[in-house]
Amino acid sequence: MRKTIIVTALAGSIIFSGTANAEDHSAVDKAPPKLVVAISVDQFSADLFSEYRSSFTGGLNRLASGVVFPSGYQSHAATETCPGHSTIMTGVHSGRAGIIGNNWIDLSIKRDDKTVYCAEDERIAGTSFGDITAAMQGDYVASAWHLLVPTLGERLKKISPKSRNVAVAGKDRAALMMGGKQVDEIYWWKGKGFSTLEGRKTLPSVAALNKAIGEQIDKARPAYAIPAQCVAHSAKIMHGDGKSVGDYAFQRPEGAASIYRGSPDFDGSILAAASAVINEMKLGQGEAADVISVGLSATDYIGHAFGTEGLEMCIQMSELDRSLGEFFDILDSENIDYVVMLTADHGGLDLPERMSLQGVPAAQRIDPNLNAETIGKTVAKELNIPGDKPVLYADGPIGDYYVSRDLPEKQRQRVKDSAMALIAAHAQVEAVLEHDDLAAIEVPRGSPEIWTLAQRARASFNPDRSGDFIVLLKKGITPIASTARGYVATHGSPWDYDRRVPILFWREGMQHFEQPLSVMTVDIAPTLAALVGVEIPADETDGKCLDINGGPTNSCK
């Protein structure tokens, strides 16, 4: 019996199709799989997986029938996209990987813009990222050069030169952190299609996909049909200056391509691109095993724009499940022996306005005066520091803070001490951690749910890139003071709603079992490495191999 399956990147437009074989397959062979498919769903928290698990009928349902670790941890404190993705295919904590945040400050670089983006190469003259306009226009050179450790795909290529290492994602930082520096093909969304590294040619199949997207993306899109399980989630929640979320079904007027990323259609495009690359390169059909990393970004954009508990997220969960099911059907149609791993780079917190209505008194937005500029001016005035140059730098209200290097050493110390004391006294701040104190802490081991805040911060700390001190907020505080720019909710805290993510494995014939105890995303690379015959030395990983056979044969041996 055969059936036709389709992945649609845009409403009414067939982008990639194949023929699926519905016949039963034999149990998992002892031979390594020919294709590793590593999927990260941006902002797909363990809470979301648990909440919607019973409604899954497609790809997520298939994965839930495999090996399930419902309590995986992005164990570090800097729960952002770049740090999270840096752990998945490297097997090391983000600090060791050199990825302390999406952005950080480097006061030593020569350009005026001192903000460094995790996936840029600021060594190239004329680039900028700190200015929001430059960032949105992509006026930087995307690169994985900040990633200090190899990915699984790179390790596999080193011992097996015929293996291919590929990455496709909605964000450049997702593709680059999972793929690494040595990639055969790599693509991420930019504008109205998929882009690749500077100087690289685009595969014909991806170019064709880009053409199809370009012809459709500005057209109007009707609202999604509301699944039965989502009806109860539809409720208008007011926020900001007369704006609301909670009852939107992703209808788009003509010419509204700019909001395409924040819809379920976006993941369809990413999976269409991944399918096209697999098909054209014949991944999983060669002599050696291949790796493709796929970063699905729509859940994150939707979580930021609409929160995690409304109609919008419910529709997204349903569509993600459906799109993944069609994607796996395409892989089945190629008769590829593949293993799938799915996890997330971080979790997320719902918008405080809805949480407050649900009786969560701690839910509130951050004090707009809690930021480096305001605190720095207050400290400079207290210490009688002349001039108008900033004495304190940070990329946002939380995370890494840096003291100006233009100040004399003793004055720098006084600025740091005063700023730390002032911030620590704020009612919304849980902890302020000093650089040297964190450097002295041993990298934590053991169960991540019982790590102290300092240990969580240590996991995403890098002595050469981290700030002079790090600011952590109390539970329930959303580090967005205003929703004027369209984001109503976010992540980035050291708390479990941002740290806990599902970790799922599936392979044809794999015995289903569920491990409720905590594991970490740094365990993923060693686990997949064991399946494809890659040995990662113990001193080069912070994780451990997880036995996913569920029987007498240990997959880690």
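The values are calculated or read from the model by the stated rules, or taken from the named source; none is laboratory data. A quick note: this is a predicted structure, and the numbers were derived from the prediction, not measured. Here the Cβ positions follow ideal geometry from the backbone for every residue, glycine too, while neighbour counts run over all protein chains shown.
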Q | Count - residues of region 385-417 that are touching an Asp or Glu at 6+ places or on another chain (Cβ under 6 Å) and not in a strand (DSSP E or B) | A | 1
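Quick check on ALA274: is it in the same structural domain as SER160 (by TED's automatic domain parsing), in contact with a strand residue (DSSP E or B) (Cβ under 7 Å, 6 or more places away or on another chain) and among the small types (Gly, Ala, Ser)? Can you show your working first?
Numbers: in the same structural domain as SER160 (by TED's automatic domain parsing): yes; in contact with a strand residue (DSSP E or B) (Cβ under 7 Å, 6 or more places away or on another chain): yes; among the small types (Gly, Ala, Ser): yes.
So ALA274 fits the description; yes.
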(Q) Condition (residue is of a type in the set (Ser, Thr, Tyr), over 28 Å from LEU472 (Cα atoms) and at pLDDT below 95) applied to region 123-131: is it met by at least one residue? (A) yes
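Condition check ((1) surrounded by fewer than 21 Cβ atoms within 10 Å (Cβ to Cβ); (2) of a type in the set (Phe, Trp, Tyr); (3) over 30 Å from PRO516 (Cβ atoms)) across all residues:
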| site | (1), (2), (3) |
| --- | --- |
| ILE441 | yes, no, no |
| TRP451 | no, yes, no |
| GLN455 | no, no, no |
| PRO463 | yes, no, yes |
| THR478 | no, no, no |
| VAL488 | no, no, yes |
Q: Can you tell me which residue among ASP367, ASP321, ASP350 is within 24 Å of ARG261 (Cα to Cα) and in a loop (DSSP other than H, G, I, E, B)?
A: ASP350
Q) Hey, does region 256-265 have a residue that's among the hydrophobic types (A, V, I, L, M, F, W, C), in a helix (DSSP H, G or I), assigned by TED's automatic domain parsing to the domain that holds SER71 and over 23 Å from THR202 (Cα atoms)? A) yes
Q: Filter region 490-539 down to residues that are outside any strand (DSSP E or B) and either without any contact (Cβ under 8 Å) to a residue 12 or more places away in the chain or closer than 29 Å to HIS304 by Cβ (or both), then give me how many there are.
A: 20
(Q) Name the residue that is farthest from GLU312 (Cα to Cα), counting only residues in region 173-230 that are among the β-branched types (Val, Ile, Thr) and surrounded by fewer than 24 Cβ atoms within 10 Å (Cβ to Cβ). (A) THR202
(Q) So in region 194-208, with the set limited to residues that are outside any strand (DSSP E or B) and among the hydroxyl-bearing types (Ser, Thr, Tyr), which one is nearest to ILE278 (Cα to Cα)? (A) SER205
Q | Residues that are buried (at least 20 other Cβ atoms within 10 Å of the Cβ) and of a type in the set (Gly, Ala, Ser), drawn from region 356-397 | A | ALA363, ALA372, GLY376, ALA380, ALA394
Q) Do you know which residues across region 324-335 are part of a loop (DSSP other than H, G, I, E, B) and touching a helix residue (DSSP H, G or I) at 6+ places or on another chain (Cβ under 8 Å)? A) GLU334
(Q) Given the condition surrounded by 14 or more Cβ atoms within 10 Å (Cβ to Cβ), under 30 Å from ASP241 (Cα atoms) and either touching a helix residue (DSSP H, G or I) at 6+ places or on another chain (Cβ under 8 Å) or among the aromatic types (Phe, Trp, Tyr) (or both), answer yes or no: does some residue in region 430-438 qualify? (A) yes
